[in-house]
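Peer 1: Mind having a look at this structure? Questions to follow.
No value in this document is a laboratory result; all are computed from the given coordinates. Since the model is a prediction, treat every value here as computed from it, not as a measurement. Reconstructed Cβ throughout: ideal geometry from the backbone, glycine too, with neighbour counts over all protein chains shown.
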Ligand SMILES: N[C@@H](CCC(=O)N[C@@H](CS)C(=O)NCC(=O)O)C(=O)O
C-alpha cells in the first residue's frame, strides 16, 4: 500500500494508522505547500486534491475515515477493527466516522455560527464534546480494553483540537490523549509527520 501524505497535515492520522498495523507500506510525499496536490496525477487519486490518500494496487481511497476503515479491513491480522458480527462493531463504526463531526463542531465554535441543533448534523459543539467525553472516560479506549482504528481517528482529532486550543482540555481528554501518545506507533508517526 502507498500512502500519499505531507508533514504537518491531517495526513498524520493515516500515518499513525499505517504505523499501528506494523506492516510495511510506502510513503509518497505530496508537497501541499508547493501545490503538488493540484497536479493531474494526484487529482486522479483524490479528486478533492487533499492529503491523505491511499493506493493499494488498483484501489484508491481518500478521506481519513475511509482510509482507516479500508486499512483495518485489508489487514485484519493487525487487530484494529472488531469483525462483522462482533458486539462492538456498531460503536467502532460510529467513532470511526465521528471525525468530521468534531471538525464541524470546531468550525461552528470558531466562526460563532448560530445554527439550530436540530438542523446541524453534528447537533452542537457542546453536544459533540459531551458525547466524546462520555466515550473516553473511565476506560482505556473507546471500545473498552481494546484499542482500535477508531482510537486513531478520535485520538488524533482530540490531540489536534487541544493542541490548537480548539477543544477545551477536559481531564478525560487529556488522559486519553496521553494514553494515545504513549503508543510507539503514535510516536513514530509524530517523528515522521512533524518534520
Ligand atoms: N476530509 C479530509 C481533509 C484533508 C485535508 O484537509 N487535507 C489538507 C491538509 S490538512 C490538504 O490537503 N490541503 C491542501 C489543499 O487543500 O490544497 C480528510 O480527513 O482526509
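Peer 1: Put a dot 7 Å past each Cα toward the Cβ at residue 190 and residue 110; how far apart are the dots in nm?
Peer 2: Going from the residue 110 label point to the residue 190 one covers 2.1 nm.
Peer 1: What do you get for Rg/Rh over region 89-187 if you use C-alpha atoms and the Kirkwood form of Rh?
Peer 2: Rounded to two decimals, Rg/Rh equals 0.96.
Peer 1: Report the dimensions of region 2-79 along its three principal axes from the alpha-carbon atoms, largest first, rounded to Å.
Peer 2: 37, 26, 19
Peer 1: Here's something else I'd like to know. Express in nm, to one decimal, how much length is gained between residue 59 and residue 126 on full extension, taking 0.36 nm for each residue of separation and deducting their alpha carbon distance.
Peer 2: 20.3 nm
Peer 1: Can you give the alpha-carbon Rg of the chain over 2.2 N^0.38 Å, where N counts its residues?
Peer 2: On the way: Rg = 16.6 Å, N = 195, 2.2 N^0.38 = 16.3 Å.
The reported ratio for this selection is 1.02.
Peer 1: Sticking with this structure for a sec: Report, in whole Å, the centroid distance computed from the Cα atoms of region 13-40 and region 112-190.
Peer 2: Using only Cα atoms, the two centres lie 23 Å from each other.
Peer 1: Most fluctuating residue of 182, 81, 14 in a GNM of the chain with Cα springs under 10 Å: which is it?
Peer 2: Evaluated over the chain, the most mobile residue of the options is 182.
Peer 1: Label region 28-118 by shape, choosing from rounded, prolate and oblate, from the square roots a ≥ b ≥ c of the eigenvalues of the Cα gyration tensor; if a/c is under 1.5 it is rounded, and otherwise prolate applies when a/b is larger than b/c, oblate when it is not.
Peer 2: Cα axes put region 28-118 in the oblate bin.
Peer 1: Using alpha-carbon pairs under 8 Å, 6+ residues apart, how would you state the relative contact order of region 2-79 in percent?
Peer 2: Worked out over region 2-79, it gives 33 percent.
Peer 1: Given a cut-off of under 8 Å on Cα pairs at least six residues apart, what relative contact order in percent is computed for the chain? Before the final figure, lay out the partial values.
Peer 2: Values: 252 pairs, mean separation 49.1, N = 195.
Worked out over the chain, it gives 25 percent.
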